[in-house]
């Protein structure tokens, strides 16, 4: 079925340029542009403004309000009063929640600080390997969601994403993980793939002997391309690589499934394929070819879990790990994720 | 007004009765004394003892009255704020619950079903439009035969129950539309007919839609959408180029509601989706994981999750609106109180400027 793949890849190639502009993404509500998990006074004010002023979206309340408006003076003011009372109580509840949330936030931050002190490998692969040796099992494929922070922040902008990605690569190499999937919604990594390769090699040479940097391969499934090592040093491609890195973006998610559907529909309409040929197995194998395998563990380095459009077909049994209120790509999250994975029990349906 | 109050009171009373009935059904017996030197055994004993005492306590009518009315009030408060459209549950932990109380698996599933009913009535009071629940996965067919049969018969029983209540004007589940979605070809014809009957019975309901996912997996759902789209391209003349995310999403099991799940709750501590609602939740959906076993999942925990949701929803709505209230109010005042507008000026009307002189050519 290589024909299907070719067609889908062509489709993806056709509109990748239009995809170049950052899509305006609406993040999950618990994970906005400015960290909403930290309830500052300004945030609480904003919440209260919306809570009090925006009309309710429950139909029942609206209907009741409308009904009361019809039933004369007395009914009207009674209903309004009740409504106003509920709104006030809602604000009180939200303020209480904000206070609790603030305490939680501070607690989590302190916890993260302590953890970061406890786990700091400082570019030594031996320490990382030692940490990993205590674990019973490792994920075969590890995935991570990276986020571009604002330009002005520390570790912000595209260079921040590249740096985070290459750091993850170095840790994974040291931990002995062979496949790493890096996802970022807007595809910054794959658009700057040459920079990324340089970055990775630089980071690896900090960890290992610079004259003998571990080999790596970078795969961009959207363009069906594989790059070896740094640009200009592709020699020895045939030799075994220490790690294979796949770069994914939002394009590999829903839209790839749609492309696949279109292609199959066309082939069916032209009688080149039977309807009964479309099976779960076929779709699975096609998507594996087009996007990659399903990861076993998904790490997220934001304040609360937000999948950001990670390819939906590929998160079937994936274990998620994230540290509440964390906002940096740190080693402690990485190793704690691996620990969590080692301790969890998988029983598919049984 | 009077009618309204009576109707409301009626509604509240019906709910109260319902809850009472549920509690009676769930009432656990007195637990057997534990093995005192085993930690897990003692912990289990304490948990069972707590459940037992709590159920006796709730049977006092005034306690029950107070608890019930507080819950009702809290939900009414939340109702005036933002409310999630689609709430989904992964009901995990029934077997472990039964095991911890030293009861057969069946009673665990029973308790789980009652918890779902409780959650349903809460969602209904709150005004949630769509509720879905993961009742049975296709992978669950790998379980021992007796358990599969048990779950199937339990589903049939509970479906009839919900169907009856959805038609009963006095019940708090009145007006619920029921849908069973999933790979229906994998269940027996007899059960299929029964399900179709209940679905047809509740078709007129418009206050809330309940999707029971029975044998369901999300990959299967996507596969069906692909297949159906290809079929309609082949036989119904739909152009393949017209297929886009929106039309594709519509052809999934949940129809128009497939695009997004606002709040997905998974109990019993696993942090994975287990092939449930992948398409719905992978973009800006909120997933809540909790360590509680599903039958223990109660009002307080659910309420806190909803409150959290509504806090962040408020914040995001405000942020997306991107206009500050102050500037809005300012413009409103300015436009209404000082209706002063600058007249447009044309260039020709201006008086002649003084003569232009250059320094260089002064000599």
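Between B:289, B:302, the distinction of being farther than 22 Å from residue B:220 by Cβ and in contact with a helix residue (DSSP H, G or I) (Cβ under 7 Å, 6 or more places away or on another chain) belongs to B:302 only. In this structure, residue A:177 does not qualify as in a strand (DSSP E or B), in contact (Cβ under 8 Å) with a residue 12 or more places away in the chain and at negative phi. Looking at the structure I just gave you, is residue A:229 more than 18 Å from residue A:5 (Cβ to Cβ), in contact (Cβ under 8 Å) with a residue 12 or more places away in the chain, within 30 Å of the chain's Cα centre (by Cα) and facing another protein chain (nearest Cβ under 9 Å)? No: the conditions fail for residue A:229. Would you point out the residue of the stretch B:132-151, among those that are surrounded by 17 or more Cβ atoms within 10 Å (Cβ to Cβ) and more than 14 Å from chain A (Cβ to nearest Cβ), that is farthest from the chain's Cα centre (by Cα)? It comes out as B:150.
Any residue that is under 30 Å from residue A:299 (Cβ atoms), at pLDDT 90 or above and more than 18 Å from the chain's Cα centre (by Cα) - is there at least one of those in the stretch B:227-244? So far as the stretch B:227-244 goes, no, none of its residues is under 30 Å from residue A:299 (Cβ atoms), at pLDDT 90 or above and more than 18 Å from the chain's Cα centre (by Cα). With respect to being modelled with pLDDT of 75 or more, under 30 Å from residue A:266 (Cα atoms) and either more than 7 Å from chain B (Cβ to nearest Cβ) or in a loop (DSSP other than H, G, I, E, B) (or both), residue A:44 falls outside the description. Listed here are the strands (runs of 3 or more DSSP E) enclosed by the stretch B:160-266 that have at least 2 residues being more than 13 Å from chain A (Cβ to nearest Cβ), buried (at least 19 other Cβ atoms within 10 Å of the Cβ) and in contact with a helix residue (DSSP H, G or I) (Cβ under 7 Å, 6 or more places away or on another chain): B:176-181. Just for the stretch A:279-324: of the residues that are part of a loop (DSSP other than H, G, I, E, B), out of contact with any strand residue (DSSP E or B) (no Cβ under 8 Å at 6 or more places or on another chain) and surrounded by fewer than 21 Cβ atoms within 10 Å (Cβ to Cβ), which one is farthest from the other protein chains (Cβ to nearest Cβ)? Here the residue is A:324. Every condition in (1) within 9 Å of chain A (Cβ to nearest Cβ); (2) modelled with pLDDT under 85 holds for residue B:285 except the one numbered (2). Return the pairs, sorted by first residue and then second, in which the second residue is buried (at least 22 other Cβ atoms within 10 Å of the Cβ) and not in a helix (DSSP H, G or I), the first residue lies in the stretch A:261-273 and is at the interface with chain B (Cβ under 7 Å from one of its Cβ atoms) and without any contact (Cβ under 8 Å) to a residue 24 or more places away in the chain, the beta carbons are less than 6 Å apart, and the residues are 6+ apart or on different chains. Once the first residue is at the interface with chain B (Cβ under 7 Å from one of its Cβ atoms) and without any contact (Cβ under 8 Å) to a residue 24 or more places away in the chain and sits in the stretch A:261-273, its partners that are buried (at least 22 other Cβ atoms within 10 Å of the Cβ) and not in a helix (DSSP H, G or I) give A:261/B:243.
In summary, residue A:154 fulfils each of the numbered conditions (1) more than 14 Å from every other protein chain (Cβ to nearest Cβ); (2) surrounded by 15 or more Cβ atoms within 10 Å (Cβ to Cβ); (3) without any contact (Cβ under 8 Å) to a residue 24 or more places away in the chain with the single exception of condition (2).
Under the condition of being more than 30 Å from residue A:250 (Cα to Cα) and at pLDDT 90 or above, the residues counted in the stretch B:299-331 number 7. If you check residue B:115 against the conditions, is it within 23 Å of residue B:44 (Cα to Cα), in contact (Cβ under 8 Å) with a residue 60 or more places away in the chain and part of a helix (DSSP H, G or I)? Considered against the rule, which asks whether it is within 23 Å of residue B:44 (Cα to Cα), in contact (Cβ under 8 Å) with a residue 60 or more places away in the chain and part of a helix (DSSP H, G or I), residue B:115 comes out as yes. The listed residues are A:62, A:109, and the only one of them that is assigned to a helix (DSSP H, G or I), surrounded by fewer than 16 Cβ atoms within 10 Å (Cβ to Cβ) and at pLDDT 90 or above turns out to be A:109.
The values are calculated or read from the model by the stated rules, or taken from the named source; none is laboratory data. Since we're looking at a predicted model, the values are computed, not measured. Because the Cβ atoms are built from the backbone with ideal geometry, glycine has one as well, and the counts that use them run over all protein chains shown.
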